[in-house]
Structure formats: C-alpha cells, structure tokens
Amino acid sequence: MTGMEEIRQTFFEECAEQLDELETGLLAIQDGSADSETVNAVFRAVHSVKGGAGAFNLDTLVGFAHTFESVLDLVRSDRLETSEQVVSVLLRSSDVLADLVTAARDETAHNAAAVAEVSMALEALLGDTSSGSGSSAEDELDGLMGDFGFEPVQVSLDDLIGPQGDNRFRILFKPNRDLYARANESMVLIREVLSLGSGEVVCDMSRLPDLDALDSEEAYLSWGITLETNASRGAIEEIFEFVDEECELTIEDLNETEDEPASEDVDREVSELLAMLSAGASDGSNSDDDETDFDFASVGMGIETDPEPEEDFDEPGFAAPAAIETKHEPVAAPAARKPVEAEAGPKDAGEAGDDKKAGAPPSTTIRVDLERVDRLIDLVGELVIHQVMLSQSAQKAGINSSSEVILGFEDLEMLTRQIQDSVMAIRAQAVKSVFQKLPRLVREVCAATGKDVRLTTEGEYTEVDKTVIERLSDPLTHMIRNAIDHGIESPEDRIKAGKPPVGNICVSAAHRSGRIVIEISDDGAGIDRQRVRAIAVNKGLIPAGANLSDDEIDNLIFLPGFSTREKASELSGRGVGMDVVKRSIQALGGRVSISSQLGKGSTFVLSLPLTLAVLDGMIVSTGDNTLVLPLTAVLETLKPNSGDIREVLDGASVIRVRERFIPVIDVARQLGFTTTPSDAREGVIVLVESETGAGQALLFDAIQGQRQVVIKSLEANYGRIEGVSAATILGDGRVALILDVDALTTSNRLDAPSYNPFSVAAE
Amino acid sequence: MKTILTIDDSRTMREMLRRTLQDAGFGVIQAEDGVDGVEKLAGSQPNVIITDVNMPRMDGLTFIETVRKDPANRGIPILVLTTESDAEKKARAKNAGATGWIVKPFDPEKLVAAINRVAA
Amino acid sequence: MNDHAQNDSHFKRELIAFRIADQEFCVDIKSVREIRGYVPATPLPKTPSYVAGVINLRGTVLPVMDLGLRMGLKAITPTPRSVIMVVKIGSQLFGLLVDAVSDIVSVTEEDIQVNPDVTNDRSRSFVSGLMALDQRMIAIIEASSILPEGLAEAA
C-alpha cells in the first residue's frame, strides 16, 4: 500500500503541473496567442488528471474532468469556438478542477455548489453542439467511474476457468494481412486459445502460392482449432479482441450444435473444417497453383497445453510441414521481419518530433535538496569574506600593488564573485510561479466587484531568488486586488468615461541594473489627488495646509491606516492597506513607487534585490560601530554646511536640503549605542527614502565605502532586533549589523511626531 | 525475461505501469513521449510496447506509425493505453498499426493478460 | 579523567568547570559545542546588558552573553585567558563569555547536592545543584536556563 501511496503523491504533484499547464494554455487561448498545440496541451492536461484520478477512484474529480475534457475535445476539433464566454467557462472550470484536486489531495470536502454550477455551464456548451457526435463522452466514462474498469469487460477471470467443465469449441481462424501488419501473431493467439484447455490445431496452407508469387506480407494461412476447455465462449472471443476486424473468426459450440456426443473421430471433423476452409480459399486469385504439391497439406496436432506449451509453438515446424519449411521459409512468419522498405528509419521519428515544434526540448534538470544549495551558498559566502580578508592583509603587509600577489588576489576576487553569482543562480526561479496565480485572483476579484478586467503578464521567465519569489506573492496579490478594487472602474463608468468596458492590468517583470523590477499598471481611474489629500487631512495624517507635490500625495496611500474607500469593500478593505504592502516589500530590501494620471490609470513599480543572500551596502561608522546601510535605501550623501543644520530641542536637529527641513536621525543614539548626541556638523548625512517618500536624514560619523556583503541572519540564533535587519561579516572577520532603514525612520516618526516633515516646510 | 517499453507523459501512469509490470515479472523501460519512445526503442529490443495516445511532442498514433515504418520494428506488438474506448478511436489506433489496446484505468490482471495475447 | 570518578558505579556526568570572578560553575559537557578564545563582540542595540553582542563563528553570527552579568555577578573583564563557550540549546547556538575554563569533571548523581540554598537570588535560578570537589565548591548550571528572556521558548 505504501507503493500506492507514493504513486498517489506523484499523482498530486503531477496534477499541480498539469493545472499550471492548463491555466497557461487557457490564458493563451484567451489572448489569442494559442496555436493548435496549445489546445492539445490543454486537453492533455485535463485528460491526464482524469486518467490518474480514475486509478484512485476519485469519482467526483473524474466526472468533472470528463465533462471538462469533452468540451475541450470540441474545441480541439474546431466544433466549438473559443468565444470570450466559452473561455471564461473554461477558466472557471480550471479553477474548479484545481479545487477538486486540492480537496481530493487533502481529503476535504469540495465546494459542491461551485462544481455543480460550472458543470452546468460546461454541459450547456456540450449541449450547444450536440449535433456533433457526442463520441468519446459517455461510453468512455463508464470505464473510468468506480473501480478498475477494463472496457469492454466481457468476462471475469472466474468465467474463464469456470468449474462447469467440458465445453468443446470449433474455432475457425482466418487472419488477413492487416493482422500481421499490426504485429499480432497467429501463433500467439493460438497458443493463448490452447492455454484455455487442450485441443488440436489444423493449418490450412491451401492458399500458399509459389515462392515467386509469395507476398511476404500477405496472410495465406488459416487454422482450425478444436478446443476442449472449461472456459466460456467469451474467454475465446476475448483472446481475439484485438483482431476482430483483421480476421474471419467462427466459434462454434460443439456441445450445442451436435446432438450426439462429440465424436472421437477427429479426422472427420478436421476434414470438414478443411473443406470449409478450402471453400473459402477457392475464390482466391492464386490461379497458377497447379504445380504446388501441398494443396491440402494439413497438420494435425494434439497438444496438451500444460507441459510447456510455449516452446511447442515457438518451433517453426508448427506452421508447416518440413517440406514447406525449406521451400517457403517466410510463410511461418508472414509478419515479415525482413527488411522490405529501406526509406524509413528511426531518423523519421526525430523529424516527426521536430515537426510538432511543441516548444522547448525537455530541459535536463536535477532535483537538489534546498539545504545543500544553501550550504553551498554559505560556504561561498565564507570564501568571499576570506578572500577579502586575505587581500586586506596583503595590502596591510605593504605588498606592492603591482606585485604578482596583489594581481593574483584580483583574479581570485573575480573568480570568487563569479562562483558566488553562479551559486546564487541555482536558487533563482522564474517569477512565473507567482504570475501564474494572478489570473485566478483577477477572476475572483472581478467576480466579487462586478468589474471586467483583462490581465496580461510580461517577463514571466525573469528569474529571482526563491526566497524573494516566496515573499513576493502576498504583496503582489494585494496590489492586484487594490488595482481592480480601487483602480479599475465599473464597466458602466468606463463606458461613460469613453473607455472600453473591459479594464486592463499589466504585470511585468524585468531585470534592471542588478535588481528585478515588477510593474503593475492599470488603465483605471488613476489617483484622485484632491480626494486622497482630503482623506489624509481628515485622518490627521497631514496638516490641512501641507504643501505637497503630486508625487507626495500619491505616496500618501502608503501611509498606515489610509484607505480611500469610505466603505471598506469585501476584498481590499480588510485592514490590510498599501502600507503593509510597502512594508513587506521594504523588508525584502525593495522599494515601491507609484505614478498615476487621473482618468488614465496608475502604475506601481516594485524594485527588489535579486537575492536575499547578498546585498549592496554602504559601510558607515558611528563611534566604534561599523554598520551597513542597504544601498537601495540611500538617496544621497552629503557633508552638511554648518548653516544647514538647525538645532531643534534636546540635541535633536534638522537639516535644510533644497528648501526643505528634514529631521536628522542620530543613528548611534537611536540605536542606544550612546546617550550623547553627535554633532551633525561633524558627521555625514545620508538621505534615505522614508515611508512618506520624503527624505529622512541619517547621521553617521563617516562613510567607509560601498561593498557587496553576505547577509547573515540574526534571527537564527538570537531574534529580531528593532532597527537591524540582519548582520554580515566584514573583511576583518568582525560582524557588522545591517540597518533596517524603514524601522529606524518609522520609530523616529513615532517617537517624535512633531518632526513630521510636512509640518516644517521652509519657504 | 520479457521487456516492456512503456510510453506515457504522466508520471503517475508510468509509475503504475512500472509497478504492475515488474510485479508480474516483466522488465520495464520507460519513455515520456513519442520522441523519447523512439529513442528508447532504438537502444532496446522490447517484447511489447505500451503507449499512451495523448502526449506532447509526438502522440501515440504518430509514434506507432513511426515505429511501423521501420521494417525491423514491424513485428513488435504495440498496445495503446487509452481512456478512449469507442470504436472510432480504436480504429484509428489500428490504422496506425496498433496491435491492441488497454483501457485506463487498468486492472493489473487484465494488463498482463493483454500482454500475453500479443507477446510472442 | 578524574580521580573522583573512580569509585562511582553509577552513571557519570561529565561537566565543564569554569570561573566567573572567584566562583566556580560547571555545565554539562553535552551542551558545549566548542570553546574558543575571546574576541571582541559587535554590540547589539536595544538588548539587555548581559548580551555582549555578536561574533563571527566561522560564518555564523553568534550571540554572546556575558555570563557574569547574566548570573547577576559583575561583568567579565576580557583578558587573554577569557573564553567563549559555544553552547547549543535546542536549535540555537550562542556563546557564553566566562573568565576561564578550569577543567572537566566527571561526577555521579550522588556527588551532586540538589536544591542548594546558596549564592545570590539571581544566580540561584540558574543553579540546579552543587558539588564539593576537594577544596572546591562548584555550582551546576543548566544551560537551557541561561537563554535571554523571551528567547527561551523559541529554543
């Protein structure tokens, strides 16, 4: 049973893949980029799910998949057009199929109402084209539903070896050439017949022509078999199941047809049979057979099947007497294993495969335990650190910078970087896995909001670290929800605005300067800045008279507690706002920005690191502490003129940057490293992006440089520390903390709300 | 020992075939689609081939036609594995050169019986 | 390994004995992964005073606790003899900064006096037993009790 469990697991893994394939294909059909192979792949996906489900008696799944498949079969054979409405039913069906698979896997209840509803929609599509042959539909289902069905089921094994004994059958078996062309073998079939009991076989070679006239692919021989058996007629018929159209087969029940008990005189029967056979053969065209001396060469064979029947039948002498054996060798094997046509070879197979151009060749992949990859990444991280340490010691030792040692270190540095990049690439995955979930999300949100949206995705093969992918799903989901719920207008409003009723959302991914950039753009209403501003004022997020740029207003939607909807909608009003999105993106070392045009739509841009294993950092110091700032957070650095700094209170200060005062965050003090305020005039200011999009100024003693650092978790052995996102190990082997800029600036805002940048606008 | 070449794009089905056949004492060679099947066939001499019909790259019927074009392979019995049991589809399989068929989901005993009916 | 172990027929525990100021303590050797010389730690912000910071242990960021402060004694003043004992509790690794490691002792349960009523209140909560060894008095510490508050349940 464990074997079955394993297969079951394989089945569900495979289902997941098939469902992905299905959805991808249906979406291609929807946007018109599908070709016939796409349709085939879609059909195959559902078919495959059905096939496996049948083996596990998942009847609901089989039933639904079957209906679904029947509709896809119509699409495949061009009997059903993929109108928008049809595709929508197909997409909903794929959702239901996915739900049924999940329910089957987890052995939980499925949503019967949804299944029934979508099934009806599918049936309706089937009904529309009912003029076409319902073909595969119903007769096929019987075989799949319930326990292992073997269709056509004629007899059970019990019937084959029934206790009620001696049936006697007379079987006439006259194959035609097609039987051999399909690699059936008369010998094998006869052997199987004899395995049911015991009997005699007579071969009729009367139609064998001269050697010169012999067509090696023609069937000249026929057989008469007298069988004594416990088996029924059905068991015999089943043996000939595959060849019922490639032979003439007569099965006569001698017990029924003969009143008197079966004669011992087998010879008489045989000659009767042969007479019949020859009668059938006499109208054959081999006219010049006068010279053949084996008109009725008959072979009588009494065979007990129990002792090694196979060997008996494998002997060439079985089919023909010795005289023929030498003369007409091929007769014994009319299936002609000898080469006849030379033009076809295995190469055709390859070409045929290419012709299908069904996409990429199968990729050669291996599955590796993630832990092994991470171990490798750790080790390479160590290598990088040691390489830096070594070159630093070499420099400290005063080795000439043009010496071979130093040049060697430079090569080593390049190599280690390359190794690091290659190792990182192992963890990289295409964003496809996240993008794939979006169409369903869009459908669901549309259904809930009554909007109509077409989703397009671009760059789904853009790769990024697995961890980033895993943590991208939630924010992206929320942004799409938001775009439909708040961005896209209702179809009526769109028509009023002179737009097509169906809204568009495009999600794209691309690599840009060492980061992955994901854009979510919609052609909805755009941000109504007046309204956003009014709401922000209402909620006390900004002072009534605040002087804000368009950009700053747009970014207000990322403030905690901001929601532009007066009444929270079912979907995006769950208290999860864009602030959470922004925070989770920032936790990944990413940034979100927004641009919007009233009436035209909005575009959100996420910029994320390609990996969470390394980070481009700015190395800064304050007191004895060396700290790392993620370079992505840094807007600019400046050495303040004393005139730009203004003391506020309690040692705190603000700095004037381009006509605006920005509060200075004394990082050492903020982190509790010291209680004495540092003098901003003595240090350096790093302007970082803060939550509001406005700058915040971080004060350090000095900037040491920029470097890629390996990210080490603090949480593994200690726990989360506010203001610190992780740690790294510097070239000198010491640990440096990586600052969590968001937390630093947020806690500043909470600690000192009077420093709200909007409250101190310079003239 | 008789060797069976199984061709199916479904991992699940391949596994079920493999287990069933191995339990019945057959050797098993696996292929994932028609193209793979042709390649695997070139390096082996199976006694019977069992192939799925709906497969990417090269479907089962094309596979059978391809195999039958090679005179050396004309005598290899090919059973089609299918959920499609109606006459029309069987006829298409036969026209392509299939020896017989097995209806999915299969019963292990019936599978073995079907093989015995075609394997020399 | 130790004279005192010879006449014991019962289960023996091996303990690592170490010094903080003029007091001797020991922990079960099974919880100690390694002992390494003192290196300056990078301080962590907003942590209790006994958290000395983090050090680089072959690529792992290892939090280090000043066991003196943790036990409510005085802070360890690092000297060349100071050591960091790397202990593993659950899945967490951390370092314990002590003045010096003295030796490894092998004892049976009979040698250990449980529920001692000595030492100050703070360290009492860490001490599970006491034993007398020659002229020495050694307090046994359960490593799992040393984890910083709020992290213990995660171990």
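The values are calculated or read from the model by the stated rules, or taken from the named source; none is laboratory data. Remember, it's a predicted structure, so these values are computed and weren't measured experimentally. A quick note on method: Cβ atoms are made from the backbone with ideal geometry, for glycine too, and the neighbour counts reach across all protein chains shown. Ligands, DNA and RNA are stripped out before the accessible areas are found, and what is left, the full protein with its side chains, is counted by its heavy atoms. Shrake-Rupley method; radii C 1.70, N 1.55, O 1.52, S 1.80 Å.
Details
- Test set (1) open to solvent by 50 Å² or more (accessible area, probe 1.4 Å); (2) in a helix (DSSP H, G or I); (3) hydroxyl-bearing (Ser, Thr, Tyr) - A:THR456 fails condition number: (2)
- From the list A:GLU138, A:GLU107, the one residue that fits, being of a type outside the set (A, V, I, L, M, F, W, C), assigned by TED's automatic domain parsing to the domain that holds A:GLU37 and at pLDDT below 85, is A:GLU138.
So that you can scan it fast, the table gives a plain yes or no per residue for (1) under 11 Å from the mean Cα position of the chain (by Cα); (2) in a strand (DSSP E or B):
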residue: C:PHE18; (1), (2): yes, yes
residue: C:GLU24; (1), (2): yes, yes
residue: C:ARG36; (1), (2): no, yes
residue: C:VAL54; (1), (2): no, yes
residue: C:MET65; (1), (2): yes, yes
residue: C:PRO80; (1), (2): no, no
residue: C:LEU97; (1), (2): yes, yes
residue: C:GLU110; (1), (2): no, no
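- The set of residues in the range C:48-68 being over 13 Å from A:LEU714 (Cα atoms) and polar (S, T, N, Q) consists of C:SER49 alone.
- One residue alone among A:MET424, A:MET414 is open to solvent by 50 Å² or more (accessible area, probe 1.4 Å) and of a type in the set (A, V, I, L, M), and that residue is A:MET414.
- Just one residue in the set B:ALA24, B:ALA31, B:ALA87 is more than 8 Å from every other protein chain (Cβ to nearest Cβ), closer than 29 Å to A:GLU37 by Cβ and open to solvent by 30 Å² or more (accessible area, probe 1.4 Å); that residue is B:ALA87.
- Residues of the range C:26-46 satisfying the condition of being within 7 Å of chain A (Cβ to nearest Cβ) and of a type in the set (S, T, N, Q): C:THR42
Yes/no per residue for (1) modelled with pLDDT of 90 or more; (2) within 14 Å of another protein chain (Cβ to nearest Cβ):
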position	(1), (2)
C:ARG58	no, yes
C:ALA75	no, no
C:THR79	no, no
C:GLY90	no, yes
C:GLY95	yes, yes
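- In the range A:605-623 there is at least one residue that is more than 30 Å from A:ILE377 (Cα to Cα), in the same structural domain as A:GLY733 (by TED's automatic domain parsing) and open to solvent by 20 Å² or more (accessible area, probe 1.4 Å).
- When residues in the range B:44-81 are screened for being open to solvent by less than 10 Å² (accessible area, probe 1.4 Å) and of a type in the set (S, T, N, Q), 1 of them pass.
- Test: A:VAL115 is away from every other protein chain (no Cβ under 14 Å), crowded, with 19+ Cβ neighbours inside 10 Å, at pLDDT 80 or above and in a helix (DSSP H, G or I): yes
- The range A:208-258, residues that are of a type in the set (Phe, Trp, Tyr) and open to solvent by 20 Å² or more (accessible area, probe 1.4 Å): A:TYR220
- Lone qualifier among B:THR62, B:THR66, B:THR82 - being more than 8 Å from chain A (Cβ to nearest Cβ) and under 26 Å from A:GLU37 (Cβ atoms): B:THR82
- Hits in the range B:90-117 (condition: over 12 Å from the mean Cα position of the chain (by Cα) and more than 7 Å from every other protein chain (Cβ to nearest Cβ)): B:LYS90, B:ALA91, B:ARG92, B:ASN95, B:ALA96, B:PRO108, B:VAL112, B:ALA113
- Residue within the range A:71-79 that is closer than 17 Å to A:ALA103 by Cα and open to solvent by 50 Å² or more (accessible area, probe 1.4 Å) present: no
- Here A:ALA124 fits the description: away from chain B (no Cβ under 13 Å) and farther than 20 Å from B:LYS89 by Cα.
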